[in-house]
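Since the structure comes first, as structure tokens, the remarks are kept for the end.
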Amino acid sequence: MDITGETKLVGVLGFPVSHSLSPRMQNAAFAAMGLDMVYLPLPVGPDMLEAAIEGIRAMNFLGANVTIPHKIAVVTLLDRLDQSAALSGAVNTIVNRDGALEGHNTDGTGFIRALEAVSSPNYPETSVLLIGAGGAARSVALALADKGIRSLTILNRSLEHARDLGEILGRACPRLPVKILSFEDETNGLPKDNMMVINATSLGMEGNLKPLPVAVDTLTEDHVVCDLVYKESGETPFLAAAAEKGATTLGGQGMLLHQGAEAIHLWTGKEPPVDVMRQAIESRRSDIPEEL
Ligand code: NAP
């Protein structure tokens, strides 16, 4: 990589970011596109987010991605929001337009593109059980609502956060039936018509391996099961268990790929090479010895 005084900087703000495949994926895209740009991992603890955002401005970064746990907190630190970010109240991509920081959210589009690459959802017939109510869950819920799903059940550890998401959906899509459950409810089994199950919590990430409150035994080949969490070493335990029951599964890599491609488009105005980005993700996985 030939870094010069002209090289444009972007990066991912999160905590942790050491697991992130985005630097490898995005740098592969920039190289293939012949762009003088570099993408950096930027580990930023919650108490330093405001300073980090000022840093993006001060150091004239072209932009940044934002990941766990900052997607919601960053909203109030930006100068303006596009429609996707304003609706969801969550930002995963910042674009620096001459010092004005603009918040976008490419997670929802990324999720839908990844989903449609592995299945052909009949949205009006699909009920969704969404586990999680954080930044990623908000974007996925809004994207699915926009596609006209039949109903949505939100299952989250914090009822308050689930209700916040319920209110966002009520404003954006008042006709969508939304039900809210907490982890304490003993209704964790899958209602019969919840044919799509999505994990949008960080459970399943390295160091956060507590099982999800989903009765995996009730899954069948009629279910589509998605996990936004991605692991370098293969499937999450949740997705592996769902695959064993015959469900159609979608891991987090597909969404990572498509939300990242959309972010590059926002920063550069150019279409990135998705195949190169996919190879960059997969080459990392094949670097890892089987026994790990
Ligand atoms: P976030 O805004 O911080 O939300 C975290 C969510 O996880 C909340 O629902 C939170 O519940 C829940 N949670 C965290 N720790 C938990 C625990 N110990 N027990 C139960 N629930 C717990 O994070 P985010 O940005 O939405 O990201 C969520 C996950 O999606 C992360 O693993 C992230 O890597 C992944 N993601 C992947 C992609 C992709 O491209 N594949 C894109 C975006 C996000 P509370 O509301 O109760 O705190």
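Sorted by mean Cβ packing within 10 Å, highest first, what order do the peptides 167-175, 85-93, 22-30 take? Walk me through the numbers before you get to the answer.
Numbers: 167-175: 13.6, 85-93: 25.3, 22-30: 21.6.
Answer by packing, highest mean first, reads 85-93, 22-30, 167-175.
Put +1 on the Cβ of every Lys and Arg and -1 on every Asp and Glu Cβ in the range 132-287; which of Gly251, Leu159, Pro211 then has its Cα farthest towards the positive end of the dipole?
Of the listed residues, the answer is Leu159.
What number do you get for the chain when its Cα radius of gyration is normalised by 2.2 N^0.38 Å, N = residues? Walk me through the intermediate numbers first.
Details: Rg = 18.7 Å, N = 292, 2.2 N^0.38 = 19.0 Å.
So the chain has a normalised radius of gyration of 0.98.
Show that you can apply the helix-only estimate: for the chain, add -39,500 (n - 2.57) for every DSSP H stretch of four or more residues, divide by all residues, and state [θ] at 222 nm to the nearest 500. Walk me through the numbers before you get to the answer.
Details: 9 runs with 104 residues, N = 292.
Helix-only estimate at 222 nm: -11000 deg cm²/dmol.
Carbon and sulfur together cover what percent of the accessible area of the range 1-58 at a 1.4 Å probe radius?
Working: 1700 of 2900 Å².
For the range 1-58, the apolar C and S fraction of the accessible surface comes to 59 percent.
Sticking with the crude label model, points 7 Å out along Cα→Cβ, report the distance from Glu160 to Lys210 in nm, one decimal please.
1.7
On the first, second and third principal axes, largest extent first, how far apart are the outermost C-alpha atoms of the range 190-260 in Å?
33, 26, 18
Roughly how big is the chain's charge dipole about its Cα centre, with Cβ charges of +1 (Lys, Arg) and -1 (Asp, Glu), in debye to the nearest 20?
Values: 23 positive and 36 negative charges, 111 e Å.
It works out to roughly 540 debye.
Taking +1 at the Cβ of each Lys and Arg and -1 at the Cβ of each Asp and Glu, which of Trp267, Ser202, Ala240 sits farthest along the dipole of the chain towards its positive end, judged by Cα position relative to the Cα centre?
Trp267
Which of the peptides 117-127, 154-164 is most tightly packed, and how do the rest follow, judged by the mean count of other Cβ atoms within 10 Å per residue?
Numbers: 117-127: 13.5, 154-164: 18.5.
Highest mean packing first, the order is 154-164, 117-127.
Identify all lysines with a Cα-Cα distance to Lys147 below 20 Å; exclude those on the same chain that are fewer than 8 residues away in sequence.
Within the straight-line limit of under 20 Å, Lys147 reaches these lysines: Lys179.
Compute the acute angle (0 to 90°) between the alpha-carbon long axis of helix 274-286 and the principal axis of greatest extent of the alpha-carbon atoms of the chain; round to the nearest 10°.
Roughly 80 degrees, rounded to the nearest 10.
Taking R0 as 51 Å, what FRET efficiency do you get between Lys179 and Met1 from their Cβ-Cβ distance, rounded to the nearest 0.05?
So the FRET efficiency works out to roughly 0.55.
Which lysines, if any, have their Cα less than 30 Å from the Cα of Lys8, not counting same-chain residues under 8 positions apart?
Lys71, Lys231, Lys270
Helix 49-58 versus the longest principal axis of the chain: what is the Cα-based angle in degrees, 0 to 90, to the nearest 10?
Taking the Cα atoms of the chain, the angle to 49-58 is about 40 degrees.
Would you list which lysines come within 17 Å of Lys245, measuring only between C-alpha atoms, while excluding same-chain residues fewer than 8 positions from it?
Lys192
Can you give the convex hull volume of the alpha carbon atoms of the range 1-113 per residue, in Å³? Walk me through the intermediate numbers first.
Details: hull volume 12.4 nm³, N = 113.
Convex hull of Cα atoms, per residue: 110 Å³.
What percent of all Cα-Cα pairs in the range 238-279 falls into each 5 Å bin, going from 0 up to the bin containing the maximum distance?
5, 21, 21, 15, 12, 11, 9, 5, 1
The values are calculated or read from the model by the stated rules, or taken from the named source; none is laboratory data. Please read these numbers as outputs of a predicted model, since none were measured by experiment. Cβ atoms come from the backbone with ideal geometry, glycine included; neighbour counts cover every protein chain shown. The area values use the complete protein model at the heavy-atom level, side chains included, leaving out ligands, DNA and RNA. Shrake-Rupley method; radii C 1.70, N 1.55, O 1.52, S 1.80 Å.
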